[in-house]
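Here is the structure we will look at.
All of the numbers you see were taken from the coordinates with simple rules; none came from a lab. Fair warning: this is a prediction, and the values are worked out from it, not measured in the lab. Glycine gets a Cβ as well: all are built from the backbone with ideal geometry, and neighbour counts include every protein chain shown.
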Amino acid sequence: MFSLMIICWFSCGTATSSEQAKPLVVHTDTIPTPINVPDTLSLNAVGDIMFGSSFPGTGNLAPNDGQDLMKFFTASLQDADLTFGNSEGVFLDHGGVAKDSGDQVYCFREPTRYAKYFVDNGFDLLSVANNHVADFGEAGLQSTIKTLSALPLHFAGLQNFPTAIVKVRNLRIGFAAFAPHHGCIQLNDIAAARAEIIELKKQCDIVLVSFHAGAEGVKALHVPKHKELFYKQDRGDVYSFAHQMIDAGADILIGHGPHVARAMELYKNKLIAYSLGNFCTYGMFNLKAECGIAPLLKIYVTGKGDFIKANITSIKQVGEGGPQPDPDGGAYKLISTLTATDFPNSQLSFPGNGAVTRH
């Protein structure tokens, strides 16, 4: 579908001195730069994905080894220029030291073979910047990097892998991911985040920014315009962060982390989806009420990243999890209501049938 250039800044403690000497730039782009670029780019975006955990026991692994979890939406996920999701957890077959468990502390250890399910279902870009990427320490982190690097997937959000640049047809798409958690590119370091996006925009036509932030649960449906604290953790000011990233050059902002869908906003003609909720989370997630509904968001932007339109396919998760069609359109109705409440002067309209347009 595309060729790729990934920029990896080797800055974490495990890098060798030679790796620290300069950025590693890997080029596989051999197509000459054309005169014309496409007028429109389509992007599928979903929230949290965790196919099932072998920790603390195998009882949290899905039937048929999890291969069927996205079967209702495989064709839809494949039907876009790019498809994005948040990979919530660690790909590790055994070993590692769990950070803790119980008392509201959860660790997600997915078998490494599960990572291929992203490819099977059409995913191109993954955020790994979240509060579960370090669930099993350095062993889990390195196994996750090795596993995802072996697949035709592109991921960002770690200290060694802050950004990726993907070529789709004739457009260069920059991708960056942030979270206020250990091992991730820090969302709360606004100056550094702005500098990252400014540099990325110099190299790209469109910049996509993913952020895993905010409080969690049904009490966190609304977008506050201040920092959010959750279990005494500073989960960031998502409103300020999103606006500052667009000011720095970002074109699309995709949020996740609260485990519920949140409002959407149009700022400087750029789309912000503040949270896309739980899309495919088997076995260890609370899927009650609003935690069990989420959007599959398809976004259309111009070749300069300006919003054209979007469409929301509402999904629901029942039982132990896995997305199913929601004939009631719950996620669409929820996001429409939250947008009207949180951003009463929004330029976005929700005319029905999943459509999102602008006034």
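Need the full-extension length gain, ASN269 to ASP234, defined as separation in residues times 0.36 nm minus the C-alpha distance. One decimal, nm.
That works out to 9.7 nm of additional length.
What does DSSP give for segment 127-206 in terms of the percent of beta bridges that are antiparallel, rounded to the nearest 5?
On the way: 8 of 11 bridges.
Looking only at bridges with both residues in segment 127-206, the antiparallel portion is about 75 percent.
For LYS116, give me every one of the aspartates and glutamates with a C-alpha distance below 13 angstrom, ignoring sequence neighbours fewer than eight places off in its own chain.
Hits, sequence-local ones excluded: ASP65, ASP68, ASP124.
List the lysines whose Cα lies under 27 Å from the Cα of LYS225, skipping any in the same chain that are fewer than 8 positions away.
LYS201, LYS268, LYS270, LYS288, LYS298, LYS309, LYS333
Could I have the simple spin-label model distance between ASP79 and LYS116, label points 7 Å from Cα toward Cβ, reported in nm to one decimal?
Here the answer is 2.7 nm between the modelled labels.
Once you have the Cα-Cα distance between GLU138 and GLN244, take 0.36 nm times their residue separation minus that, and quote the gain in nm to one decimal.
Full-extension gain reported as 35.0 nm.
Taking 0.36 nm per residue of sequence separation and subtracting the Cα-Cα distance, how much length would be gained by fully extending the chain between ASN353 and LYS225, in nm to one decimal?
Contour length minus Cα-Cα distance gives 43.1 nm.
Antiparallel versus total DSSP beta bridges in the chain: what percent is that, nearest 5?
Approximately 60 percent, going by the DSSP bridge assignments.
Assigning unit charges at the beta carbon (Lys, Arg +1; Asp, Glu -1) and nothing else, what dipole magnitude in debye, to the nearest 20, does segment 2-358 show about its Cα centre?
Values: 28 positive and 34 negative charges, 122 e Å.
So the magnitude is around 580 debye.
Which residues does a label at ASP328 reach in segment 262-303, if reach means a backbone N under 13 Å from a point 7 Å past the Cα toward the Cβ?
Those under the cut-off are 288-294.
Give the separation of the Cα centroids, segment 188-202 to segment 219-264, in Å.
What the calculation gives is 17 Å, centre to centre.
When only Cα pairs under 8 Å and 6 or more residues apart are kept, what is the percent relative contact order across segment 2-358?
16
Exactly which trypsin sites (Lys or Arg not before Pro) in segment 156-193 are in a DSSP loop and have at most 15 other Cβ atoms within 10 Å?
ARG169
Per DSSP H run of n ≥ 4, the term is -39500 (n - 2.57); total these for the chain, divide by its residue number, and report the mean residue ellipticity at 222 nm rounded to 500 deg cm²/dmol.
-5000 deg cm²/dmol
Tabulate in residue order the Karplus-calculated ³J(HN,Hα) for segment 173-190, using 6.51 cos²θ - 1.76 cosθ + 1.60 with θ = phi - 60°, rounded to whole Hz; enter x for Gly and Pro.
Working through the residues one at a time gives 10, x, 10, 9, 9, 9, 7, x, 10, 4, x, 9, 5, 6, 5, 7, 8, 5 Hz.
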